[in-house]
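The values are calculated or read from the model by the stated rules, or taken from the named source; none is laboratory data. All values derive from a computational prediction rather than experimental measurement. Reconstructed Cβ throughout: ideal geometry from the backbone, glycine too, with neighbour counts over all protein chains shown. Side chains included, ligands, DNA and RNA excluded: accessible areas come from the protein's heavy atoms. Shrake-Rupley method; radii C 1.70, N 1.55, O 1.52, S 1.80 Å.
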Amino acid sequence: MDAHEIAAAVAAEASFMKDVLCRLVEAPTTLGNEEPGQEVMREAFRELGLEPVDMPLDEEMLRTHPAASPFSWDVSDKRNVVADWQPAGEGGRSLVLNGHIDVVAEASSLWRTAPYTPVREGDWIYGRGAGDMKAGLAVILGAVKGLQALGLAPLAPVQLQSVVEEECTGHGALQAAVSGLRADACVVTEPFPASISVSQVGVLWFHVDIAGLPAHAGDARDGANAIEASFSVVAALRRLEAELNESPPPPYDAFSHPINLNVGVISGGDWPSTVAAECTLSCRLALYPGQRVDWLQAKVEHAVAGAAGTHAFLAAHPPRVRYDGFACVGTEIDAGHPLVTTLSESYAAVEGVAPELVPTTATSDARLFLLEGIPAVCFGPWAENVHAVDERVNMPSMITAAQALAVFVRDWCGVAA
Ligand SMILES: [Zn+2]
């Protein structure tokens, strides 16, 4: 079956993909609220004639696995949903097609539209999670449906996965890598348009609990303000960030500022007329592939201790650094790996040009598969404003990504009637 016939069959599924995307965006699948989105995925798998199977998170495994991250929340009701596309023959290479169902919160009241109401404007669909990465899930479904419409099935097992917790730990993907199909390759359909990710940074989440001494604001000098003390902690962390950006190793030397500290949440104090007795900073910091998480943790703790040492109150009441959420390494895949070269050729067969091979300054679930010995990359549609306001995804790019993915199934797995 030639690439153009496959591309035409996938293009015919454009309205199916758009419809699934809109149903997914309507489910506000923030951390702890993933289940309504997973229900949409179960329905969508059934529409493809596939049997959805729940894959619960195994807390015991996640507490001990070397690729897991610390977490303080309940995972007892959490589940991935997967579906196996049974092979029509044998001799091909097996494949996982993976996407995450969870989204980050809407971040702001500045949205032009309601974040969880999909809105179409021209070629774009707006909504939280539209690009990161519900469109990617729709792309997987569209690619499979297009091949099915041609009466084709793969020559090796293909597992479709909708996982939880990409945005905080990667534990859905870790569970899938451990107890899902031990595939020969995995494609995560994150928004990497016309590009394939070959390198990603690691990410560390840390929380700094800063103590103060409460007092009446009228006698503020009798107290110690924890919120104001946090400013010197942030300044010390910014110096660490500058140090980490001094001489980036390749391929990150192509970025002007690859390692970013984000002070994402600050909480503290309890009354305008009370000197703040507590303050917590919740931060994200990145690390290069090859660096260890515990090495960065030591750097963070050293920076925090240094700031505290020069502070009148904190010197005697040192802040505590806690870890909850991402504690993960960076990962890479060789540009000459057959997964990368084959996917590049499949894309070129549809678009006429090869995709770019790119490093990314974020993490993704591809790392869990790589760490479990399953070669993995990100490749997908074109999205803008992810994690920001007015997130949107470009619909023609969804078709292109699904076409390339379907041709890749032909090229990687082999297909038969
Ligand atoms: Zn994502």
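Heavy-atom accessible area for residue 390, with the other protein chains in place and a 1.4 Å probe, reaches approximately 20 Å².
How much of the accessible area of region 282-417, in percent, comes from carbon and sulfur atoms when a 1.4 Å probe is used?
Details: 2740 of 5090 Å².
On region 282-417, the fraction of accessible area on carbon and sulfur atoms equals 54 percent.
Kirkwood's formula applied to the C-alpha pairs of region 355-417 gives a hydrodynamic radius of 14.0 angstrom. Distance between the pseudo-spin-label points of residue 305 and residue 26 (7 Å out from Cα toward the beta carbon): 5.5 nm. Relative to the longest principal axis of the Cα atoms of the chain, helix 293-309 runs at roughly 20 degrees.
Taken along the Cα-to-beta-carbon direction at a fixed 7 Å, the label points for residue 312 and residue 221 span 0.8 nm.
Give the ranking of 111, 205 by solvent-accessible surface, highest area first, calculated with a 1.4 Å probe. Walk me through the numbers before you get to the answer.
Numbers: 111 25, 205 70 Å².
Most to least solvent-accessible, the answer reads 205, 111.
Kirkwood-type hydrodynamic radius, region 147-285: 19.6 Å, calculated from all non-identical alpha-carbon pairs. For the pair residue 292 and residue 35, label points projected 7 Å from Cα toward Cβ lie 4.1 nm apart.
Where the alpha-carbon atoms of region 256-340 are placed on the principal axes, they occupy 63, 26, 25 Å, in descending order.
Note on the chain: Lys pairs 8 or more places apart or on different chains, Cα atoms under 29 Å apart, count 6. Multiplying the residue separation of residue 267 and residue 59 by 0.36 nm and subtracting their alpha-carbon distance yields 72.1 nm. Within the listed set 28, 214, 272, the residue fluctuating most in the Gaussian network model of the chain (springs between alpha-carbon atoms under 10 angstrom) is 272.
Length gained on full extension, residue 77 to residue 121: 12.2 nm, using 0.36 nm per residue less the C-alpha separation.
In the chain, the DSSP-assigned H stretches of four residues or longer account for a calculated mean residue ellipticity at 222 nm of -10500 deg cm²/dmol, using -39500 (n - 2.57) per stretch and the full residue count as denominator. If you wrap the tightest convex hull around every Cα atom of the chain and split its volume per residue, you get 139 Å³. Solvent-accessible area assigned to carbon and sulfur over region 39-158 amounts to 49 percent, based on a 1.4 Å probe. The residues of the chain present an accessible area of 39 Å² per residue when probed at 1.4 Å with all protein chains retained. Highest mobility in the GNM of the chain, judged by mean-square fluctuation with C-alpha springs under 10 Å and restricted to 21, 97, 50, is found for 50. Taking GluC sites (Glu not before Pro) across region 72-143, the ones in a DSSP loop with at most 12 further Cβ atoms lying within 10 angstrom of their Cβ are 90. Mind giving me the FRET efficiency for residue 108 and residue 5? R0 is 56 Å, r the Cβ-Cβ distance, nearest 0.05 is fine. Result of the calculation: an efficiency of 0.80.
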